[in-house]
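K.L.:
I'd like to ask you about the structure that follows.
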Amino acid sequence: MHAVVFDIDGTLVQSVEIDEVLYKQSIQTVVGDVEFRSRWSDYDSVTDSGILSQVLEDNSIESSPSQARQIESIFLASLQSHVSTNGPIVEIPGAKMFLERLGSSRSHGIAIATGGWRDSAVLKLKSAGFDLKGVPIATSSESTDRAEIMTIAASRLGDNFESITYYGDGVWDRDACLELGWQFVPVGDALRGISSYHGVCVA
């Protein structure tokens, strides 16, 4: 048996740009005009909760659970509004079919591990038409640390796997796989990865 774990933004769906815009806007709506670091990779934990914590720290703003919940709520509402206005989130070509093939395989288990918050992650996948029934999902709602989120997702598949492969689009995904000893498949131009799941073999 082989476990296959997927990131979401830029890996299963084409949502990176709008996600970044709405995420930053949601933070600024609550705490004001804050400064962000130049790249997401400049943050120690590239997850919604991890980045938020460091943005507040960088701008000398005291954080609180209620504040984080408010930002998350605004982000979710903004994402819902975007989908209502502009139409559903679009999958990376072939992603749904690839997950369906893996899901029907007797030798694979699939899970999702994302740095996004849970409700917004589920919204993106459902908007794009993914069938989430029976697929474990671990998110930034459970941990600020990406490697820990990935470990949680894999643990929900059990422990009878010969290997674990992770599909991701960021250097933080690659680094987490090195930390965990997982196989890594890059997705997207930034890591010179695959641009489509059409023709990707189910090993």
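K.L.:
Within segment 122-156, which residues have the backbone N less than 15 Å from the label spot 7 Å out from Val90 along Cα→beta-carbon, could you tell me?
P.N.:
Residues 128-129 qualify, since their backbone N sits under 15 Å from the label point.
K.L.:
Still on this structure, I have one more. Under the 0.36 nm per residue contour assumption, what length would be gained going from the current alpha-carbon distance of Leu132 and Glu20 to full extension? Mind dumping the intermediate values first?
P.N.:
Working: separation 112, 0.36 × 112 = 40.32 nm, distance 2.38 nm.
Difference between extended and current length: 37.9 nm.
K.L.:
Separate question: Nothing charged except the Cβ atoms of Lys and Arg (+1) and of Asp and Glu (-1): what's the magnitude of the dipole of the chain about its Cα centre? Round to the nearest 20 debye.
P.N.:
Working: 15 positive and 28 negative charges, 170 e Å.
I would put it at about 820 debye.
K.L.:
In addition: Which order do peptides 6-13, 43-50, 78-85, 28-35 fall in by mean Cβ count within 10 Å, highest first?
P.N.:
Values: 6-13: 25.8, 43-50: 21.0, 78-85: 14.6, 28-35: 12.5.
With the highest mean Cβ count within 10 Å placed first, the list reads 6-13, 43-50, 78-85, 28-35.
K.L.:
Hey, what number do you get for the chain at 222 nm if only DSSP H runs of n ≥ 4 count, each worth -39500 (n - 2.57), divided across all residues, to the nearest 500?
P.N.:
Working: 7 runs with 88 residues, N = 203.
Helices in the chain give a 222 nm mean residue ellipticity of -13500 deg cm²/dmol.
K.L.:
Right, another one. Give the order of Tyr197, Tyr23 when sorted by the count of other beta carbons within 10 angstrom, beginning with the fewest. Don't jump to the answer; show the numbers that get you there.
P.N.:
On the way: Tyr197 20, Tyr23 25.
Ordered by Cβ neighbours within 10 Å, fewest first: Tyr197, Tyr23.
K.L.:
Apply the membrane-span-like helix rule to the chain: whole DSSP H runs, Cα extent along the own long axis of at least 18 Å, mean Kyte-Doolittle hydropathy at least -0.5. List the helices found. Mind dumping the intermediate values first?
P.N.:
Working: long enough: 16-31 (23 Å, 0.34); 65-86 (31 Å, -0.20).
Span-like helices, by this rule, are 16-31, 65-86.
K.L.:
Run the numbers for Asp44 and Glu100: contour at 0.36 nm per residue of separation, minus the present Cα-Cα distance, in nm.
P.N.:
On the way: separation 56, 0.36 × 56 = 20.16 nm, distance 3.37 nm.
Difference between extended and current length: 16.8 nm.
K.L.:
On to the next question. When a/c reaches 1.5 or more, the comparison of a/b and b/c decides; with that in mind, is the chain rounded, prolate or oblate per its Cα gyration tensor? The partial results should precede the final answer.
P.N.:
Details: a/c = 1.87, a/b = 1.53, b/c = 1.22.
Taking the square roots of the gyration eigenvalues as a ≥ b ≥ c, the chain is prolate.
Every number here is computed from the coordinates shown, using simple stated rules; none is lab data. Everything quoted here is computed from the prediction, not taken from an experiment. When we count neighbours, we look across all protein chains shown, and the Cβ atoms used for this are built from the backbone with ideal geometry, even at glycine.
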